[in-house]
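Remarks on the structure that follows.
The values are calculated or read from the model by the stated rules, or taken from the named source; none is laboratory data. All values derive from a computational prediction rather than experimental measurement. As a convention, Cβ positions derive from the backbone with ideal geometry for all residues, glycine included, and neighbour counts pool all protein chains shown. Just the protein is used for accessible areas: all its heavy atoms, side chains included, with ligands, DNA and RNA removed. Shrake-Rupley method; radii C 1.70, N 1.55, O 1.52, S 1.80 Å.
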Amino acid sequence: MKKPVIMTVDDDADVLRAVERDLRQHYGERFRVMPADSGRSALEVVKQFQVRNDTAALFLVDQRMPRMTGIEFLAEAIQAFPKAKRVLLTAYADTDAAIDSINTAQVDYYLMKPWDPPEEKLYPVLDDLLDDWLSGFRAPFEGIRIVGTRWSPQSHAVKDFLAGNQVPYAWLDVETPEAKKLLAGVSPHELLALPVVIFPDGSHLAEPVAAQIASKIGLRTKAQMPFYDLAIIGGGPAGLAAAVYGASEGLRTVMVERQAPGGQAGSSSRIENYLGFPSGLSGADLARRAVAQARRFGTEILNPIEVTGIRRNDPYRVLALSDGSEISCHAVLIASGVSYNRLDVPGAERLTGSGVYYGAAATEVLSCEGKEAYIIGAANSAGQSAMYLSKFAKRVNVLVRGHSLNCSMSQYLIDQIAKTPNIVVHANTIVREVIGEQNVESVMIRNTLTGVEQTVPAAALFVFIGAAPHTEAISSEIMCDVHGFVLSGPEVMRDGKPPAGWQLERDPFLLETNVPGVFVAGDVRHGSVKRVASAVGEGAISVDAIHRYLSKLGA
(Lines give C-alpha, C1' and ligand atoms only; values in the text may rest on other atoms or scores of the structure.)
Protein backbone atom coordinates (compact mmCIF):
# COMPACT_ATOMS: atom_id res chain seq x y z
CA MET A 1 0.00 0.00 0.00
CA LYS A 2 1.19 3.49 -0.81
CA LYS A 3 2.07 5.60 2.19
CA PRO A 4 -0.30 8.53 2.82
CA VAL A 5 1.21 11.96 2.19
CA ILE A 6 2.12 14.74 4.59
CA MET A 7 2.58 17.90 2.53
CA THR A 8 4.43 20.90 3.86
CA VAL A 9 4.34 24.25 2.02
CA ASP A 10 6.58 27.26 2.68
CA ASP A 11 8.20 29.86 0.43
CA ASP A 12 11.18 30.21 2.80
CA ALA A 13 13.70 27.59 1.65
CA ASP A 14 15.44 27.32 5.02
CA VAL A 15 12.17 26.85 6.91
CA LEU A 16 10.93 24.35 4.32
CA ARG A 17 14.08 22.25 4.68
CA ALA A 18 13.83 22.31 8.45
CA VAL A 19 10.17 21.28 8.49
CA GLU A 20 10.81 18.54 5.95
CA ARG A 21 13.74 17.22 8.00
CA ASP A 22 11.74 17.05 11.21
CA LEU A 23 8.74 15.43 9.53
CA ARG A 24 10.82 12.76 7.79
CA GLN A 25 12.67 11.96 10.99
CA HIS A 26 9.50 11.27 12.95
CA TYR A 27 6.96 10.16 10.30
CA GLY A 28 9.05 8.83 7.41
CA GLU A 29 8.32 5.16 8.10
CA ARG A 30 4.54 5.60 7.93
CA PHE A 31 4.06 8.61 5.67
CA ARG A 32 5.61 10.22 2.61
CA VAL A 33 6.71 13.80 3.23
CA MET A 34 6.33 16.05 0.20
CA PRO A 35 7.61 19.67 0.30
CA ALA A 36 6.45 22.53 -1.96
CA ASP A 37 7.81 26.07 -2.15
CA SER A 38 4.55 27.86 -2.99
CA GLY A 39 0.82 27.40 -2.75
CA ARG A 40 0.42 27.31 -6.54
CA SER A 41 3.03 24.61 -7.08
CA ALA A 42 1.55 22.62 -4.19
CA LEU A 43 -1.91 22.75 -5.79
CA GLU A 44 -0.54 21.34 -9.04
CA VAL A 45 0.89 18.42 -7.08
CA VAL A 46 -2.40 17.92 -5.25
CA LYS A 47 -4.23 17.66 -8.58
CA GLN A 48 -1.90 14.84 -9.58
CA PHE A 49 -2.60 13.02 -6.30
CA GLN A 50 -5.99 11.97 -7.67
CA VAL A 51 -4.53 10.52 -10.84
CA ARG A 52 -1.66 8.78 -9.02
CA ASN A 53 -4.06 7.42 -6.40
CA ASP A 54 -2.19 9.20 -3.59
CA THR A 55 -3.91 10.16 -0.35
CA ALA A 56 -3.19 13.35 1.57
CA ALA A 57 -3.24 12.86 5.34
CA LEU A 58 -2.08 16.30 6.51
CA PHE A 59 -1.22 19.72 5.11
CA LEU A 60 1.30 21.75 7.15
CA VAL A 61 1.31 25.16 5.50
CA ASP A 62 2.91 28.54 6.15
CA GLN A 63 0.36 31.31 6.36
CA ARG A 64 2.38 34.27 5.03
CA MET A 65 3.34 33.40 1.43
CA PRO A 66 3.28 35.70 -1.63
CA ARG A 67 0.54 35.26 -4.27
CA MET A 68 -1.32 32.70 -2.17
CA THR A 69 -1.60 32.58 1.61
CA GLY A 70 -1.72 29.35 3.56
CA ILE A 71 -5.43 29.80 4.27
CA GLU A 72 -6.13 30.34 0.56
CA PHE A 73 -4.20 27.20 -0.32
CA LEU A 74 -6.04 25.12 2.25
CA ALA A 75 -9.41 26.36 1.03
CA GLU A 76 -8.64 24.88 -2.41
CA ALA A 77 -6.74 21.78 -1.28
CA ILE A 78 -9.56 20.55 0.92
CA GLN A 79 -11.82 20.37 -2.13
CA ALA A 80 -9.74 17.39 -3.24
CA PHE A 81 -9.05 15.95 0.22
CA PRO A 82 -11.73 17.16 2.63
CA LYS A 83 -10.70 14.69 5.34
CA ALA A 84 -7.02 15.69 5.41
CA LYS A 85 -5.88 17.46 8.56
CA ARG A 86 -4.94 21.13 8.17
CA VAL A 87 -2.27 22.96 10.19
CA LEU A 88 -0.99 26.53 9.78
CA LEU A 89 2.55 27.62 10.56
CA THR A 90 2.40 31.22 11.72
CA ALA A 91 4.54 33.99 13.11
CA TYR A 92 3.45 35.78 16.26
CA ALA A 93 2.09 38.67 14.22
CA ASP A 94 -0.30 36.35 12.35
CA THR A 95 -1.86 34.81 15.44
CA ASP A 96 -5.23 36.54 15.01
CA ALA A 97 -5.50 35.41 11.39
CA ALA A 98 -4.63 31.87 12.42
CA ILE A 99 -7.30 31.83 15.11
CA ASP A 100 -9.89 33.19 12.67
CA SER A 101 -8.94 30.49 10.15
CA ILE A 102 -10.09 27.77 12.54
CA ASN A 103 -13.63 28.93 11.82
CA THR A 104 -13.37 30.29 8.27
CA ALA A 105 -11.08 27.68 6.65
CA GLN A 106 -11.73 24.77 9.03
CA VAL A 107 -8.05 24.71 10.05
CA ASP A 108 -7.48 22.05 12.70
CA TYR A 109 -4.54 23.71 14.46
CA TYR A 110 -1.93 26.42 14.19
CA LEU A 111 1.70 26.25 15.27
CA MET A 112 3.96 29.13 16.13
CA LYS A 113 7.41 29.53 14.61
CA PRO A 114 9.92 28.40 15.75
CA TRP A 115 8.68 24.96 16.82
CA ASP A 116 11.92 23.79 18.48
CA PRO A 117 12.22 21.39 20.05
CA PRO A 118 9.89 19.37 17.74
CA GLU A 119 9.55 16.60 20.34
CA GLU A 120 7.64 19.09 22.52
CA LYS A 121 6.08 21.61 20.16
CA LEU A 122 5.49 19.78 16.86
CA TYR A 123 5.18 16.02 17.16
CA PRO A 124 2.58 15.82 19.97
CA VAL A 125 0.16 18.05 18.02
CA LEU A 126 0.66 16.25 14.72
CA ASP A 127 0.53 12.82 16.40
CA ASP A 128 -2.95 13.55 17.74
CA LEU A 129 -4.17 14.85 14.38
CA LEU A 130 -2.72 11.93 12.41
CA ASP A 131 -4.07 9.36 14.86
CA ASP A 132 -7.50 10.90 14.42
CA TRP A 133 -7.12 10.85 10.63
CA LEU A 134 -5.93 7.22 10.60
CA SER A 135 -8.92 6.10 12.65
CA GLY A 136 -11.22 6.99 9.74
CA PHE A 137 -8.83 6.21 6.90
CA ARG A 138 -9.75 3.53 4.38
CA ALA A 139 -6.97 2.72 1.96
CA PRO A 140 -7.95 3.56 -1.63
CA PHE A 141 -8.06 0.91 -4.33
CA GLU A 142 -4.53 0.69 -5.70
CA GLY A 143 -5.14 -1.04 -9.00
CA ILE A 144 -6.23 0.16 -12.41
CA ARG A 145 -9.18 2.53 -12.55
CA ILE A 146 -11.47 2.89 -15.56
CA VAL A 147 -13.53 6.02 -16.05
CA GLY A 148 -16.18 5.84 -18.74
CA THR A 149 -19.86 5.76 -19.54
CA ARG A 150 -22.00 2.88 -18.38
CA TRP A 151 -23.30 1.74 -21.76
CA SER A 152 -20.14 2.27 -23.79
CA PRO A 153 -19.00 -0.73 -25.92
CA GLN A 154 -15.43 0.56 -25.60
CA SER A 155 -15.70 0.56 -21.81
CA HIS A 156 -17.11 -2.95 -21.89
CA ALA A 157 -14.21 -4.13 -24.08
CA VAL A 158 -11.63 -2.71 -21.65
CA LYS A 159 -13.35 -4.25 -18.62
CA ASP A 160 -13.72 -7.57 -20.40
CA PHE A 161 -10.04 -7.64 -21.38
CA LEU A 162 -8.81 -6.85 -17.87
CA ALA A 163 -11.22 -9.30 -16.25
CA GLY A 164 -10.25 -12.03 -18.70
CA ASN A 165 -6.59 -11.53 -17.80
CA GLN A 166 -7.55 -11.45 -14.11
CA VAL A 167 -6.26 -7.93 -13.57
CA PRO A 168 -8.15 -6.15 -10.75
CA TYR A 169 -9.72 -2.81 -11.65
CA ALA A 170 -12.19 -0.28 -10.31
CA TRP A 171 -14.94 1.08 -12.52
CA LEU A 172 -16.11 4.70 -12.15
CA ASP A 173 -18.93 6.29 -14.08
CA VAL A 174 -17.75 9.58 -15.56
CA GLU A 175 -20.65 11.47 -13.96
CA THR A 176 -19.73 10.60 -10.37
CA PRO A 177 -17.94 13.19 -8.20
CA GLU A 178 -15.05 10.79 -7.60
CA ALA A 179 -14.53 10.35 -11.34
CA LYS A 180 -14.60 14.09 -11.95
CA LYS A 181 -11.92 14.64 -9.31
CA LEU A 182 -9.88 11.83 -10.80
CA LEU A 183 -10.04 13.36 -14.28
CA ALA A 184 -8.89 16.78 -13.07
CA GLY A 185 -5.37 15.95 -14.25
CA VAL A 186 -6.48 14.65 -17.66
CA SER A 187 -6.34 16.95 -20.69
CA PRO A 188 -9.71 18.15 -22.09
CA HIS A 189 -9.29 16.51 -25.51
CA GLU A 190 -8.68 13.11 -23.87
CA LEU A 191 -11.98 13.43 -22.02
CA LEU A 192 -13.67 13.19 -25.41
CA ALA A 193 -12.14 9.75 -25.92
CA LEU A 194 -13.64 7.73 -23.08
CA PRO A 195 -12.94 5.40 -21.44
CA VAL A 196 -9.82 6.70 -19.72
CA VAL A 197 -7.76 3.97 -18.06
CA ILE A 198 -5.64 5.24 -15.15
CA PHE A 199 -2.75 3.07 -13.97
CA PRO A 200 -1.27 2.86 -10.46
CA ASP A 201 1.78 4.90 -11.48
CA GLY A 202 -0.47 7.84 -12.41
CA SER A 203 -0.15 7.42 -16.18
CA HIS A 204 -3.30 7.03 -18.26
CA LEU A 205 -4.58 6.02 -21.68
CA ALA A 206 -7.64 7.43 -23.40
CA GLU A 207 -9.81 4.94 -25.32
CA PRO A 208 -7.01 2.35 -25.43
CA VAL A 209 -6.92 -0.85 -27.43
CA ALA A 210 -6.03 -4.18 -25.81
CA ALA A 211 -2.42 -4.11 -27.03
CA GLN A 212 -1.78 -0.74 -25.34
CA ILE A 213 -3.19 -1.98 -22.04
CA ALA A 214 -1.22 -5.22 -22.34
CA SER A 215 2.00 -3.29 -22.73
CA LYS A 216 1.26 -1.18 -19.63
CA ILE A 217 0.32 -4.08 -17.37
CA GLY A 218 3.30 -6.20 -18.39
CA LEU A 219 1.72 -8.87 -20.59
CA ARG A 220 4.18 -10.40 -23.02
CA THR A 221 3.41 -9.55 -26.62
CA LYS A 222 6.75 -10.40 -28.28
CA ALA A 223 8.33 -13.84 -28.58
CA GLN A 224 11.54 -14.17 -26.60
CA MET A 225 13.10 -16.80 -28.85
CA PRO A 226 13.36 -17.11 -32.64
CA PHE A 227 12.41 -20.81 -32.64
CA TYR A 228 10.25 -23.21 -30.59
CA ASP A 229 9.55 -26.92 -30.54
CA LEU A 230 5.81 -26.32 -30.15
CA ALA A 231 3.66 -23.28 -30.91
CA ILE A 232 0.08 -23.38 -29.60
CA ILE A 233 -2.63 -21.21 -31.14
CA GLY A 234 -5.19 -20.42 -28.45
CA GLY A 235 -5.16 -20.36 -24.66
CA GLY A 236 -8.36 -22.18 -23.77
CA PRO A 237 -8.44 -25.46 -21.82
CA ALA A 238 -7.03 -27.49 -24.75
CA GLY A 239 -4.19 -25.05 -25.40
CA LEU A 240 -3.34 -24.70 -21.71
CA ALA A 241 -3.31 -28.49 -21.21
CA ALA A 242 -0.97 -28.90 -24.20
CA ALA A 243 1.23 -26.12 -22.83
CA VAL A 244 1.51 -27.84 -19.44
CA TYR A 245 2.25 -31.27 -20.87
CA GLY A 246 4.51 -30.02 -23.66
CA ALA A 247 6.64 -27.74 -21.50
CA SER A 248 6.80 -30.24 -18.62
CA GLU A 249 8.19 -32.82 -21.05
CA GLY A 250 10.97 -30.59 -22.27
CA LEU A 251 9.47 -28.96 -25.35
CA ARG A 252 10.26 -25.29 -25.88
CA THR A 253 6.67 -24.11 -25.91
CA VAL A 254 4.98 -20.84 -26.81
CA MET A 255 1.24 -20.18 -26.60
CA VAL A 256 -0.37 -17.35 -28.60
CA GLU A 257 -3.73 -16.11 -27.29
CA ARG A 258 -5.77 -13.41 -29.02
CA GLN A 259 -7.65 -12.19 -25.92
CA ALA A 260 -7.09 -13.82 -22.53
CA PRO A 261 -6.07 -17.30 -21.34
CA GLY A 262 -9.03 -19.50 -20.46
CA GLY A 263 -10.95 -19.05 -23.67
CA GLN A 264 -14.72 -19.42 -23.60
CA ALA A 265 -14.49 -21.62 -20.51
CA GLY A 266 -12.65 -18.85 -18.68
CA SER A 267 -15.83 -16.78 -18.55
CA SER A 268 -17.90 -19.56 -16.94
CA SER A 269 -19.14 -18.50 -13.52
CA ARG A 270 -19.19 -22.06 -12.17
CA ILE A 271 -18.02 -25.40 -13.58
CA GLU A 272 -19.36 -28.17 -11.36
CA ASN A 273 -18.78 -31.30 -13.45
CA TYR A 274 -14.99 -31.07 -13.80
CA LEU A 275 -13.18 -34.03 -12.29
CA GLY A 276 -11.48 -33.40 -8.96
CA PHE A 277 -13.48 -30.32 -7.91
CA PRO A 278 -16.58 -31.64 -6.10
CA SER A 279 -17.77 -28.18 -5.12
CA GLY A 280 -16.97 -26.74 -8.53
CA LEU A 281 -14.74 -23.88 -9.57
CA SER A 282 -15.06 -20.81 -11.76
CA GLY A 283 -13.65 -20.71 -15.26
CA ALA A 284 -11.42 -17.83 -14.19
CA ASP A 285 -10.01 -19.90 -11.33
CA LEU A 286 -9.36 -22.85 -13.63
CA ALA A 287 -7.61 -20.55 -16.11
CA ARG A 288 -5.52 -18.92 -13.38
CA ARG A 289 -4.35 -22.28 -12.07
CA ALA A 290 -3.55 -23.58 -15.56
CA VAL A 291 -1.64 -20.44 -16.56
CA ALA A 292 0.46 -20.61 -13.39
CA GLN A 293 1.16 -24.28 -14.04
CA ALA A 294 2.13 -23.70 -17.68
CA ARG A 295 4.44 -20.82 -16.78
CA ARG A 296 6.00 -22.85 -13.98
CA PHE A 297 7.14 -25.39 -16.57
CA GLY A 298 8.50 -22.66 -18.84
CA THR A 299 5.70 -21.99 -21.33
CA GLU A 300 5.91 -18.55 -22.90
CA ILE A 301 2.47 -16.94 -23.21
CA LEU A 302 1.85 -14.13 -25.69
CA ASN A 303 -1.34 -12.07 -25.52
CA PRO A 304 -3.25 -10.29 -26.87
CA ILE A 305 -1.75 -11.44 -30.16
CA GLU A 306 -3.61 -13.06 -33.04
CA VAL A 307 -2.28 -15.60 -35.50
CA THR A 308 -2.99 -14.38 -39.03
CA GLY A 309 -1.63 -17.35 -40.97
CA ILE A 310 0.34 -20.61 -41.06
CA ARG A 311 2.84 -21.52 -43.74
CA ARG A 312 5.17 -24.41 -44.42
CA ASN A 313 8.90 -23.89 -44.62
CA ASP A 314 9.86 -27.56 -44.48
CA PRO A 315 10.81 -29.01 -42.14
CA TYR A 316 9.57 -26.06 -40.10
CA ARG A 317 6.20 -24.37 -39.60
CA VAL A 318 5.85 -20.60 -39.41
CA LEU A 319 3.11 -18.58 -37.69
CA ALA A 320 2.40 -15.05 -38.92
CA LEU A 321 1.24 -12.76 -36.10
CA SER A 322 -1.00 -9.71 -36.08
CA ASP A 323 1.87 -7.41 -35.10
CA GLY A 324 3.77 -8.34 -38.28
CA SER A 325 6.24 -10.67 -36.62
CA GLU A 326 6.62 -14.42 -37.14
CA ILE A 327 7.30 -17.49 -34.99
CA SER A 328 9.12 -20.53 -36.36
CA CYS A 329 8.64 -23.95 -34.83
CA HIS A 330 8.79 -27.69 -35.38
CA ALA A 331 5.09 -28.31 -34.62
CA VAL A 332 1.88 -26.34 -34.27
CA LEU A 333 -1.25 -27.09 -32.23
CA ILE A 334 -4.44 -25.33 -33.31
CA ALA A 335 -6.53 -24.86 -30.15
CA SER A 336 -8.18 -21.57 -31.08
CA GLY A 337 -11.62 -22.56 -29.82
CA VAL A 338 -14.94 -21.12 -30.83
CA SER A 339 -17.04 -18.03 -30.19
CA TYR A 340 -20.79 -17.59 -29.96
CA ASN A 341 -22.68 -16.85 -33.14
CA ARG A 342 -23.94 -13.32 -33.58
CA LEU A 343 -27.61 -12.62 -33.01
CA ASP A 344 -29.06 -11.60 -36.38
CA VAL A 345 -32.09 -9.52 -35.41
CA PRO A 346 -32.78 -5.76 -35.62
CA GLY A 347 -31.00 -3.76 -32.91
CA ALA A 348 -28.63 -6.53 -31.78
CA GLU A 349 -25.52 -5.35 -33.60
CA ARG A 350 -26.07 -1.69 -32.75
CA LEU A 351 -26.44 -2.44 -29.03
CA THR A 352 -23.62 -4.97 -28.74
CA GLY A 353 -21.56 -3.93 -25.72
CA SER A 354 -24.43 -1.69 -24.57
CA GLY A 355 -26.68 -4.35 -23.11
CA VAL A 356 -26.19 -7.13 -25.67
CA TYR A 357 -23.33 -9.37 -24.60
CA TYR A 358 -21.90 -12.56 -26.06
CA GLY A 359 -21.02 -15.00 -23.32
CA ALA A 360 -21.22 -14.61 -19.58
CA ALA A 361 -19.94 -10.97 -19.45
CA ALA A 362 -19.43 -11.17 -15.69
CA THR A 363 -18.23 -7.56 -15.71
CA GLU A 364 -21.76 -6.37 -16.51
CA VAL A 365 -23.91 -8.36 -14.09
CA LEU A 366 -24.36 -5.45 -11.69
CA SER A 367 -26.24 -3.56 -14.40
CA CYS A 368 -28.95 -6.25 -14.00
CA GLU A 369 -29.35 -5.80 -10.27
CA GLY A 370 -33.05 -5.80 -9.42
CA LYS A 371 -34.03 -5.91 -13.10
CA GLU A 372 -35.10 -8.35 -15.80
CA ALA A 373 -32.26 -10.14 -17.60
CA TYR A 374 -32.55 -12.38 -20.65
CA ILE A 375 -30.37 -15.26 -21.79
CA ILE A 376 -30.54 -16.93 -25.20
CA GLY A 377 -29.24 -20.48 -25.27
CA ALA A 378 -29.71 -23.98 -23.90
CA ALA A 379 -26.18 -25.33 -23.41
CA ASN A 380 -24.20 -25.55 -20.17
CA SER A 381 -22.67 -22.10 -20.62
CA ALA A 382 -26.15 -20.57 -20.71
CA GLY A 383 -27.21 -22.53 -17.62
CA GLN A 384 -24.11 -21.51 -15.67
CA SER A 385 -24.70 -17.88 -16.59
CA ALA A 386 -28.36 -18.11 -15.54
CA MET A 387 -27.40 -19.42 -12.11
CA TYR A 388 -24.85 -16.65 -11.65
CA LEU A 389 -27.17 -13.89 -12.86
CA SER A 390 -29.94 -15.07 -10.56
CA LYS A 391 -27.92 -13.71 -7.62
CA PHE A 392 -28.31 -10.17 -8.97
CA ALA A 393 -31.27 -9.88 -11.32
CA LYS A 394 -34.89 -9.63 -10.26
CA ARG A 395 -35.61 -12.38 -12.75
CA VAL A 396 -33.54 -14.32 -15.29
CA ASN A 397 -35.45 -15.35 -18.40
CA VAL A 398 -33.85 -18.20 -20.36
CA LEU A 399 -35.07 -18.30 -23.96
CA VAL A 400 -34.85 -21.74 -25.57
CA ARG A 401 -35.62 -22.37 -29.23
CA GLY A 402 -36.41 -26.07 -28.57
CA HIS A 403 -39.00 -27.74 -26.38
CA SER A 404 -36.79 -27.97 -23.28
CA LEU A 405 -33.25 -27.85 -21.89
CA ASN A 406 -32.91 -31.64 -21.81
CA CYS A 407 -31.27 -32.05 -25.21
CA SER A 408 -28.22 -29.87 -24.61
CA MET A 409 -27.74 -29.04 -20.91
CA SER A 410 -26.29 -31.20 -18.14
CA GLN A 411 -28.87 -32.57 -15.72
CA TYR A 412 -27.24 -30.99 -12.67
CA LEU A 413 -27.78 -27.54 -14.18
CA ILE A 414 -31.35 -28.33 -15.20
CA ASP A 415 -32.07 -29.36 -11.62
CA GLN A 416 -30.47 -26.22 -10.19
CA ILE A 417 -32.44 -23.97 -12.54
CA ALA A 418 -35.68 -25.72 -11.61
CA LYS A 419 -35.01 -25.02 -7.92
CA THR A 420 -34.16 -21.33 -8.45
CA PRO A 421 -37.38 -19.28 -8.12
CA ASN A 422 -36.22 -16.24 -10.09
CA ILE A 423 -35.15 -18.21 -13.18
CA VAL A 424 -37.88 -18.77 -15.77
CA VAL A 425 -37.34 -20.98 -18.82
CA HIS A 426 -39.28 -19.96 -21.94
CA ALA A 427 -39.36 -22.91 -24.34
CA ASN A 428 -40.06 -22.54 -28.07
CA THR A 429 -39.11 -18.86 -27.83
CA ILE A 430 -36.90 -16.67 -29.99
CA VAL A 431 -35.88 -13.00 -30.00
CA ARG A 432 -37.28 -10.95 -32.85
CA GLU A 433 -35.82 -7.53 -32.01
CA VAL A 434 -33.65 -5.75 -29.46
CA ILE A 435 -34.99 -2.31 -28.58
CA GLY A 436 -33.29 0.73 -27.05
CA GLU A 437 -31.63 4.05 -27.85
CA GLN A 438 -28.30 4.10 -25.97
CA ASN A 439 -28.71 0.69 -24.33
CA VAL A 440 -31.04 -2.29 -24.22
CA GLU A 441 -34.42 -1.29 -22.85
CA SER A 442 -36.62 -4.15 -24.02
CA VAL A 443 -36.72 -7.17 -26.31
CA MET A 444 -39.41 -8.48 -28.60
CA ILE A 445 -39.84 -12.24 -28.19
CA ARG A 446 -41.96 -14.73 -30.11
CA ASN A 447 -43.38 -18.11 -29.19
CA THR A 448 -42.72 -20.28 -32.24
CA LEU A 449 -45.66 -22.62 -31.49
CA THR A 450 -48.39 -20.03 -30.96
CA GLY A 451 -46.90 -17.19 -33.01
CA VAL A 452 -47.63 -14.76 -30.17
CA GLU A 453 -45.19 -11.85 -29.93
CA GLN A 454 -44.65 -9.56 -26.99
CA THR A 455 -42.27 -6.77 -26.05
CA VAL A 456 -40.86 -7.14 -22.54
CA PRO A 457 -38.54 -4.88 -20.49
CA ALA A 458 -34.92 -6.04 -20.31
CA ALA A 459 -31.77 -4.67 -18.70
CA ALA A 460 -29.45 -6.92 -20.70
CA LEU A 461 -29.42 -9.76 -23.18
CA PHE A 462 -26.73 -12.45 -22.91
CA VAL A 463 -26.27 -14.56 -26.04
CA PHE A 464 -25.09 -18.20 -26.02
CA ILE A 465 -26.10 -19.50 -29.44
CA GLY A 466 -24.10 -21.83 -31.64
CA ALA A 467 -20.36 -22.00 -31.99
CA ALA A 468 -18.25 -20.39 -34.71
CA PRO A 469 -14.66 -21.71 -34.93
CA HIS A 470 -11.71 -19.33 -35.10
CA THR A 471 -10.18 -20.68 -38.29
CA GLU A 472 -10.50 -17.81 -40.78
CA ALA A 473 -6.76 -17.11 -40.78
CA ILE A 474 -5.69 -20.71 -41.35
CA SER A 475 -8.44 -22.25 -43.48
CA SER A 476 -6.52 -21.67 -46.73
CA GLU A 477 -3.84 -24.16 -45.59
CA ILE A 478 -5.76 -26.41 -43.22
CA MET A 479 -8.66 -28.67 -44.23
CA CYS A 480 -11.91 -27.73 -42.50
CA ASP A 481 -15.50 -28.91 -42.73
CA VAL A 482 -18.25 -26.74 -44.23
CA HIS A 483 -18.68 -24.94 -40.90
CA GLY A 484 -14.97 -24.14 -40.49
CA PHE A 485 -14.09 -26.82 -37.91
CA VAL A 486 -10.67 -28.41 -38.45
CA LEU A 487 -10.45 -31.96 -39.79
CA SER A 488 -7.81 -34.31 -38.42
CA GLY A 489 -6.57 -37.91 -38.38
CA PRO A 490 -8.78 -40.28 -40.40
CA GLU A 491 -11.04 -37.35 -41.41
CA VAL A 492 -8.43 -35.94 -43.79
CA MET A 493 -8.03 -39.24 -45.65
CA ARG A 494 -9.62 -39.53 -49.09
CA ASP A 495 -10.60 -43.00 -50.28
CA GLY A 496 -8.11 -44.48 -47.85
CA LYS A 497 -5.31 -42.27 -49.12
CA PRO A 498 -3.58 -39.29 -47.46
CA PRO A 499 -4.71 -35.80 -48.52
CA ALA A 500 -3.26 -34.00 -51.52
CA GLY A 501 0.22 -32.67 -50.86
CA TRP A 502 0.93 -35.22 -48.12
CA GLN A 503 4.50 -36.35 -48.81
CA LEU A 504 5.15 -38.64 -45.85
CA GLU A 505 5.01 -42.44 -46.08
CA ARG A 506 2.83 -42.68 -42.97
CA ASP A 507 -0.81 -41.68 -42.52
CA PRO A 508 -1.69 -38.63 -40.39
CA PHE A 509 -1.49 -39.19 -36.66
CA LEU A 510 -4.51 -38.86 -34.41
CA LEU A 511 -5.34 -35.11 -34.14
CA GLU A 512 -2.93 -34.28 -36.99
CA THR A 513 -4.31 -32.13 -39.81
CA ASN A 514 -3.67 -32.39 -43.54
CA VAL A 515 -0.41 -30.48 -42.96
CA PRO A 516 2.24 -32.67 -41.27
CA GLY A 517 3.26 -31.27 -37.91
CA VAL A 518 0.10 -29.19 -37.51
CA PHE A 519 -2.30 -30.67 -34.95
CA VAL A 520 -5.70 -29.68 -33.57
CA ALA A 521 -7.42 -30.04 -30.19
CA GLY A 522 -10.49 -28.76 -28.37
CA ASP A 523 -13.70 -27.17 -29.56
CA VAL A 524 -12.21 -26.02 -32.87
CA ARG A 525 -11.78 -29.66 -33.95
CA HIS A 526 -14.48 -31.27 -36.10
CA GLY A 527 -16.54 -33.66 -33.99
CA SER A 528 -15.21 -32.55 -30.61
CA VAL A 529 -17.27 -32.90 -27.44
CA LYS A 530 -17.94 -29.38 -26.17
CA ARG A 531 -16.88 -29.94 -22.57
CA VAL A 532 -13.93 -28.58 -20.62
CA ALA A 533 -12.69 -32.03 -19.61
CA SER A 534 -12.74 -33.20 -23.24
CA ALA A 535 -10.73 -30.19 -24.35
CA VAL A 536 -8.16 -30.75 -21.60
CA GLY A 537 -7.90 -34.41 -22.57
CA GLU A 538 -7.38 -33.61 -26.25
CA GLY A 539 -4.74 -31.05 -25.39
CA ALA A 540 -2.84 -33.64 -23.37
CA ILE A 541 -3.23 -36.36 -26.02
CA SER A 542 -1.98 -34.03 -28.76
CA VAL A 543 1.39 -33.74 -27.04
CA ASP A 544 1.91 -37.49 -27.36
CA ALA A 545 1.22 -37.28 -31.10
CA ILE A 546 3.54 -34.27 -31.36
CA HIS A 547 6.34 -36.22 -29.67
CA ARG A 548 5.87 -39.01 -32.20
CA TYR A 549 6.01 -36.48 -35.03
CA LEU A 550 9.19 -34.89 -33.65
CA SER A 551 10.88 -38.26 -33.19
CA LYS A 552 10.27 -39.17 -36.83
CA LEU A 553 11.44 -35.71 -37.82
CA GLY A 554 14.66 -36.29 -35.89
CA ALA A 555 14.11 -33.15 -33.81
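Accessible area of the range 388-519 with a 1.4 Å probe: how many percent of it is carbon plus sulfur?
Whole-percent figure for carbon plus sulfur exposure: 51.
Restricting to the chain, what percent of DSSP beta bridges are antiparallel, rounded to 5?
That works out to approximately 35 percent antiparallel.
Suppose a student asked you for the relative contact order of the chain, using Cα pairs under 8 Å spaced at least 6 residues apart; what percent would you report?
11
Hey, if we sort R288, R32 by accessible area with the 1.4 Å probe, largest down, what's the order? List each step's numbers first, then the result.
Working: R288 120, R32 80 Å².
I get R288, R32, largest accessible area first.
Please give the calculated 222 nm ellipticity per residue for the chain, where each DSSP H segment of at least 4 residues contributes -39500 (n - 2.57) and the sum is spread over every residue; nearest 500 deg cm²/dmol?
Helix contribution divided over all residues of the chain: -9000 deg cm²/dmol.
Tell me which aspartates and glutamates have Cα within less than 18 Å of K2's Cα, excluding those fewer than 8 residues away on the same chain?
E29, D54, D131, E142, D201
Charges on Cβ only, +1 for Lys and Arg, -1 for Asp and Glu, centred on the Cα centroid of the chain; of Q259, M34, F519, which one is farthest towards the dipole's positive end?
F519
When the accessible area of the range 41-195 is split by element with a 1.4 Å probe, what percent falls to carbon and sulfur?
55
Rounded to the nearest 10 Å², what accessible area does E306 have for a 1.4 Å probe in the complete protein model?
90
Could you check what % of the DSSP bridge pairs in the range 215-367 are antiparallel, to the nearest 5?
45
Where does the charge balance sit around L389 when Lys and Arg score +1, Asp and Glu -1, over other residues with C-beta under 12 Å from its C-beta?
Charge balance in the 12 Å sphere: +2.
Using a 1.4 Å probe, what is the accessible area per residue for the chain, in Å²?
46
When only alpha-carbon atoms count, how far does the range 171-306 stretch along each of its three principal axes, as whole angstroms with the largest first?
Taking the Cα atoms of the range 171-306, the three principal extents are 53, 43, 22 Å.
What value does the range 280-385 have for Rg/Rh, both radii from Cα atoms and Rh as Kirkwood defines it?
In the range 280-385, Rg relative to Rh is 1.07.
Please list L504, L449, L333 from largest to smallest accessible area, probe radius 1.4 Å, with all protein chains kept in place.
On the way: L504 75, L449 120, L333 0 Å².
These residues rank, largest area first, as L449, L504, L333.
In nanometres, what is the gap between the two model label sites at N313 and L510, each 7 Å from Cα along Cα-to-Cβ?
Those two pseudo-labels are separated by 3.3 nm.
Please work out the Cα center distance from the range 136-160 to the range 285-354, rounded to the nearest Å.
Here the answer is 26 Å between Cα centres.
What pairs from K530/K552; K3/K159; K85/K113; K85/K121; K180/K394; K85/K216 go past 26 Å between their alpha carbons?
As for pairs spanning more than 26 Å Cα to Cα, those are K530/K552; K3/K159; K180/K394; K85/K216.
Could you state the per residue volume, in Å³, of the convex hull enclosing the Cα atoms of the chain?
Enclosed volume per residue, from the Cα hull, is 198 Å³.
Could you state the angle between the C-alpha long axis of helix 283-296 and the longest principal axis of the C-alpha atoms of the chain, as a value from 0 to 90 degrees rounded to the nearest 10?
Between helix and principal axis, roughly 90 degrees.
With a 1.4 Å probe and every protein chain kept in, tell me what percent of the accessible surface of the range 230-298 is carbon plus sulfur.
Carbon and sulfur together cover 50 percent of it.
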